[in-house]
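All remarks here apply to the structure that follows.
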Amino acid sequence: MQTLYLVSVWIHILAASIWLGGMAFLVLVLVPWLRRTPGAPAGTLLSETGRRFRSVGWVCFALLLVTGSFNLSMRGVTLASLSSAVFWATPFGRILLTKLVAFSLVLGVSAIHDFVLGPRATALIARHPRSREAAASRRHAALLGRVNAILALVLVAAGVMLVRGSPW
Ligand code: HEM
C-alpha cells in the first residue's frame, strides 16, 4: 500500500506540473511572442495549441482528483470525517477546504474558458482578426487564464501546507 501511495503522490505532482507548465508556456512564451510577431498565424496557433492543451488539462484534472482523493484516504481522511464539522475546523481541514474550493473554481473557470470563451475568441480572431469583438473576446479569455493562474498558485500552496502544515 505504501508503494501505491508513493506512486499516487508522484502522479499527483506530475499532473500538477504538466498543467501548471502548460499554462505558464501559453501565458509567458506563446502569447507574448504572438503579440510581438505581426505576421504570425495567431488564430490558428492559439486554437490548435489551445485545443490540444485542453485535452491534456482535463486529463490532468481527472488524475489530480483521483490521486488527491487516494492521498487523502492514505492520510486517514474518511467519508465520516468529511461529513464532520469538527474535521473541517482543524488546520488540515481548513487547508483542504481552501484547496477543494480553489479546485472547484478552476474546473468552472476552465470549462467556461475551454468550451465557451476560448473557442469563441479563436473563431472571431480567425474571421475578423482586427474587429473589436475579436479583441474583446481575446481579453475575456486571457482574463480567465489569469484567474486560473492565480488559483493554481493557491492550489500548490495548499498542497504544500497539507503535507507540512500551515505557517499560521
Ligand atoms: C489543480 C489541482 C491541484 C494541484 C495543482 C495540486 C497540487 C499539489 C501539490 C504540488 C502537492 C504536493 C505537495 C508536497 O508534497 O509538498 C499536493 C499534495 C496533495 N494534494 Fe493536491 N493538487 C491539486 C488537486 C488536489 C485535489 C482535487 C485533491 C483532493 C481531492 C488534492 C489532495 C492532495 C493531498 C491529500 C496532498 C498530500 C499528498 C501527500 O499525502 O503527501 N489535491 N497537491
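To the nearest Å, what is the center-to-center distance of region 30-62 and region 76-100, using C-alpha atoms only? Taking the Cα centre of each part, region 30-62 and region 76-100 sit 37 Å apart. With the simple model of a label 7 Å out from the Cα in the direction of the Cβ, Ile18 to Leu79 spans 2.9 nm. Taken over the C-alpha atoms, the chain has Rg and Dmax values of 18.8, 59 angstrom. Here region 19-110 exposes an accessible surface that is 74 percent carbon and sulfur, computed with a 1.4 Å probe and the other protein chains kept in place. Modelled spin-label separation between Ala126 and Arg52, with each label point placed 7 Å from Cα along the Cα-to-Cβ direction: 1.6 nm.
Quick one: compute a quarter of the convex hull surface over the Cα atoms of region 30-101 and quote it in nm².
Projected area, direction-averaged: 6.9 nm².
Normalised per residue, the accessible area of region 2-164 is 61 Å², obtained with a 1.4 Å probe and no contribution from ligands, DNA or RNA.
Screening the chain for DSSP H helices whose Cα atoms reach 24 Å or more along their own axis and whose mean Kyte hydropathy is at least 1.6 gives 91-112. A Förster distance of 22 Å, applied to the separation of the beta-carbon atoms of Glu133 and Leu45, puts the FRET efficiency at 0.65. Mean sequence separation of contacting Cα pairs (under 8 Å, at least six apart), scaled by the length of the chain, corresponds to a relative contact order of 29 percent.
The values are calculated or read from the model by the stated rules, or taken from the named source; none is laboratory data. None of the values given here were measured: they were computed from a predicted structure. As a convention, Cβ positions derive from the backbone with ideal geometry for all residues, glycine included, and neighbour counts pool all protein chains shown. Heads up: the accessible areas ignore ligands, DNA and RNA and are worked out on the full protein's heavy atoms, side chains in. Shrake-Rupley method; radii C 1.70, N 1.55, O 1.52, S 1.80 Å.
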